[in-house]
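Heads up: the structure comes next, in structure tokens.
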Amino acid sequence: MSEVRARFDAVSRAYDGQRRKFIPCFDDFYALAVTAAEIDVPAPAILDIGAGTGLLTAFLLERYPTGRYTLVDLSDQMLGVARERFADNPDVQYVPADYLEHDFGGSFDLVVSALSIHHLEDKDKQRLYRKCFGLLNPGGLFVNADQVKSDSPWVDAFEKRVWYQGIAQSGLTEDEIQAGRERIALDRESGLAEQLDWLRAAGFHEAGCLYKYLHFAVFLGRKPLEG
């Protein structure tokens, strides 16, 4: 994971500005992630794993302005951008750590993530889903807005080709595109259906996908209220 951290350290200042150009469905993608994060708690405790610059948290704050947020990321430089973004909000905490290994020592109403978990190998994704289940309060939600692999190699290649064509026409510089390709080379995408199965195996009795565009998907699981 050290190479992942280094790549994102290097792009921390430009990251948010590039997101719209690298993600053709940016508005819908993040809007559906926030829509999925529906919890009937006045001031929810929210954990954003792989939070980076705090982009997803910024959108969630519009829905839950009195929420208590914990942002965890491998890259302290990415979190540095988040610290500036939320400098006036004492209810946002920052944890520069590996979220697979860190002991959070508490529980949450929402665990969310955007464009981070696809960096993990399959076994670590499964381990993380079990960890997220354990961190959630009864009735809590896990929401993941991420990149997924198609079940069909042909469809997967088609989706990537369309995506790359869009990136080439997005206005990004050649250096930015090349740096993006180097980060993409670190991706370890898994299939959507198998990840939903992993959520169910972790204990999320209700799991499903709310949104998919090319290989960008928003999926979630709910922890039962009892047992």
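The values are calculated or read from the model by the stated rules, or taken from the named source; none is laboratory data. Small disclaimer: the values here were computed from a predicted structure and weren't measured. Quick reminder, even Gly has a Cβ in these numbers, built from the backbone with ideal geometry, and neighbours come from all protein chains shown. Ligands, DNA and RNA are excluded from the accessible area calculation, which covers all protein heavy atoms including side chains. Shrake-Rupley method; radii C 1.70, N 1.55, O 1.52, S 1.80 Å.
Assorted remarks:
- Among residues of region 211-227, those that are more than 19 Å from Asp40 (Cα to Cα), outside any loop (DSSP other than H, G, I, E, B) and open to solvent by 30 Å² or more (accessible area, probe 1.4 Å), counted: 3
- Within region 139-163, the residues that satisfy the criterion of being open to solvent by 70 Å² or more (accessible area, probe 1.4 Å) and not in a strand (DSSP E or B) are Asp151, Pro153, Trp154, Phe158, Arg161.
- Only one of the listed residues (Ala51, Ala45, Ala37) is small (Gly, Ala, Ser), out of contact with any Asp or Glu (no Cβ under 7 Å at 6 or more places or on another chain), surrounded by 19 or more Cβ atoms within 10 Å (Cβ to Cβ) and touching a residue at least 12 places away in the same chain (Cβ under 8 Å). That residue is Ala37.
- Taking (1) over 13 Å from the mean Cα position of the chain (by Cα); (2) at pLDDT below 95; (3) buried (at least 22 other Cβ atoms within 10 Å of the Cβ) in turn, Gln77 satisfies each apart from (3).
- Only residues that are at pLDDT 75 or above and open to solvent by less than 60 Å² (accessible area, probe 1.4 Å) were counted in region 172-185, giving 1.
- Residue selection: Ala168 fails the criterion of being under 26 Å from Glu101 (Cβ atoms) and over 19 Å from the mean Cα position of the chain (by Cα).
- Failed criterion for Glu194 (all others in (1) among the acidic types (Asp, Glu); (2) within 18 Å of the chain's Cα centre (by Cα); (3) more than 30 Å from Gly134 (Cα to Cα) hold): (3)
- Here Glu101 qualifies as among the acidic types (Asp, Glu) and assigned to a loop (DSSP other than H, G, I, E, B).
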